[in-house]
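Here's the structure we're looking at; comments come further down.
Nothing in this text is a laboratory measurement; each read-out follows from the coordinates by a stated rule. Model, not experiment: these values are computed from the prediction. Neighbour counts run over all protein chains shown; Cβ positions are idealised from the backbone, glycine included.
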Amino acid sequence: MIRSVVRGNGAALPRRIMKNADFEGMVETSDEWIVQRTGIRQRHVAADDETTASLGEAAARAALDSAGLTPADIDLIVLATSTPNNTFPATAVDIQNRLGMHHGFAFDLQAVCSGFVYAVATADLYICGGLAKRVLVIGSETFSRILDWTDRSTCVLFGDGAGAVVLEAQGGKGGIGDRGVLAASLRSDGVHKDKLFVDGGPSTTGTVGHLRMEGREVFKHAVGMITDVIEATFAQAGITAQDLDWFVPHQANKRIIDASAKKLGIAEQKVVVTVDLHGNTSAASVPLALSVAVADGRIKKGDLVLLEAMGGGFTWGAVLLRW
Ligand code: UT7
């Protein structure tokens, strides 16, 4: 059977790093509050010349290099983002053009923080359905552009960045020992749409708008939703938490990550945490975390890796894959 195997991965971050202390003169907050409540210590913030498209392009190039491939080898680009360069065309098409790729097809996928998990599951279906052989799956965001920099309850939480993987069709035996995507479970429920949203848009205000969040409400639902979808993914694959090598969760809040891992019985040393370095980068957070754990030698070929995310909508989901 066909499996969607990760052949390479990469990441890109804006040049500027903003530390927690840099907020202290801007809003009423402190490094201590931010670290205690979220685990975040710093985040990268895009300059005017750094956009979702330019960061996505850089991450895509890094992923192609690590795969030993060129844009000519790719037939589909799926970009997960909620901060596109323009309302349209899709930023994925902009990245396609920047890569000098004039064949194949490209589209954006919008599932906020769950975007990358949704995009990997989507790309897997294109590969398994025979519509693509190699897919660039990118998560790229510039949330700094939609933050209300006077709102301390949100502006300290988010950061900019991009990460990417190249998924390639390879033959598998159909068992859990195969490399590639092994199981996926996606969910959404729009009843929660006003708990984390942007208060603008082309069809309503005609403006871009700013991110608004009822943080406590999101927090309240997060652990239950995350663990439900992961348990569904485990059941699909016929595995338990003990079988995992690495848990790569969405990086929104260290307390949510810890509580989810604990509830699922995933050992602390198997959890990849990068929220301290990047803040919440929405759809970029999982591929950025992957890039750190691959670069430092933790995630190796053959390892069983669980990706998970939850965000605005609400949307949530998990993907199990063998690296
Ligand atoms: O990626 C999508 C998913 N998003 C998330 O997962 C975010 C989920 N939510 C969270 O991570 C947390 O709810 C937050 C980090 C946003 C907030 O932590 P919390 O422990 O839930 O705090 P809270 O909202 O209950 O606020 C506690 C206090 C409040 O003051 P009072 O009402 O107790 O006087 C806030 O006004 O902390 C205050 N506060 C701050 N204080 C200093 C809120 N933001 C700040 C701040 N600095 N930046």
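Can you compute the FRET efficiency between Ile2 and Asp296 using 1/(1 + (r/R0)^6), with r the Cβ-Cβ distance and R0 = 30 Å? Round to the nearest 0.05. Approximately 0.45, to the nearest 0.05. Taking other C-beta atoms within 10 Å as the exposure proxy, Leu76, Leu264 rank Leu264, Leu76 from fewest upward. For Thr70, nonlocal amide neighbours, meaning residues 5 or more places apart or on other chains whose placed amide H falls under 5 Å from its own, do not occur. Between Arg152 and Lys173, the simple label model (points 7 Å from Cα in the Cβ direction) yields a spacing of 5.8 nm.
Projecting the Cα atoms of Gly115, Met18, Ile2 onto the charge dipole of the range 1-123 (Cβ charges, centred on the Cα centre) puts Ile2 farthest toward the positive pole. Fully extending the segment from Thr207 to Asp276, taken as 0.36 nm per residue of separation minus the present Cα-Cα distance, adds 21.7 nm.
The Cα center of the range 259-316 and the Cα center of the range 1-67 differ in position by 14 Å. Exceeding 30 Å between C-alpha atoms, which entries from my cross-link table qualify? They are Lys193/Lys301; Lys173/Lys193; Lys173/Lys262; Lys263/Lys301. Pairs exceeding 30 Å: Lys193/Lys301; Lys173/Lys193; Lys173/Lys262. Ignoring aspartates and glutamates fewer than eight residues from Lys300 along the same chain, the ones with Cα atoms less than 12 angstrom from its Cα are Asp245.
What are the semi-axes of the equivalent ellipsoid for the range 180-322, taken as the square roots of 5 times the Cα gyration tensor eigenvalues, largest first, in whole Å?
Details: eigenvalues 153, 55, 39 Å².
Taking √(5λ) for each Cα gyration eigenvalue gives 28, 17, 14 Å.
For a modelled paramagnetic label at Leu131, 7 Å from Cα along Cα-to-Cβ, no residue of the range 286-320 is in reach, as no backbone nitrogen comes under 12 Å.
Would you compute, from DSSP H runs of 4+ residues alone, the mean residue ellipticity of the chain at 222 nm, taking -39500 (n - 2.57) per run and dividing by the full residue count, rounded to the nearest 500?
Using -39500 (n - 2.57) per qualifying helix, the result is -9500 deg cm²/dmol.
Relative to the current alpha-carbon distance between Phe105 and Asp48, full extension at 0.36 nm per residue lengthens the span by 17.7 nm. Residue ranges 293-299, 271-277 sort as 271-277, 293-299 when ordered by packing (mean number of other C-beta atoms within 10 Å per residue, highest first). Each label was represented as a point 7 Å from its Cα along the Cα-to-Cβ direction; for Ala235 and Glu268 these points are 3.1 nm apart. Remark on the chain: Rg and Dmax equal 18.3, 58 Å (Cα only).
When peptides 157-165, 132-140, 6-14 are sorted by average Cβ neighbour count within 10 Å, with the highest value leading, the order is 157-165, 132-140, 6-14.
Within the straight-line cut-off of under 22 Å between alpha carbons, the lysines reachable from Lys19 are Lys254, sequence neighbours fewer than 8 places apart in one chain being disregarded. Placing +1 on the Cβ of every Lys and Arg and -1 on the Cβ of every Asp and Glu, with no other charges, gives the chain a dipole of roughly 680 debye about its Cα centre. For the pair Ser30 and Asp243, the difference between a 0.36 nm per residue extended length and the Cα-Cα distance amounts to 72.7 nm.
Computed from label points 7 Å out along Cα-Cβ, the spacing between Asp199 and Arg145 is 2.1 nm. Shape index of the range 2-171: Rg/Rh, with Rg the Cα radius of gyration and Rh the Kirkwood radius from the inverse mean 1/r over Cα pairs, equals 1.04. Each Cα pair under 8 Å and six or more residues apart adds its separation to the average, and for the chain the resulting relative contact order is 26 percent. Scanning the chain for long hydrophobic helices, with DSSP H runs required to stretch 24 angstrom or more by C-alpha along their axis and to average at least 0.0 on the Kyte-Doolittle scale, returns 215-237.
Taking Cα centre as origin and charging only the Cβ of basic (Lys, Arg, +1) and acidic (Asp, Glu, -1) residues, the dipole magnitude of the range 180-322 rounds to 80 debye. Translational diffusion of the range 137-187 was estimated from the Stokes-Einstein equation, with Rh taken as the Kirkwood radius over Cα pairs; at 4 °C and 1.567 mPa s the coefficient is 88 µm²/s.
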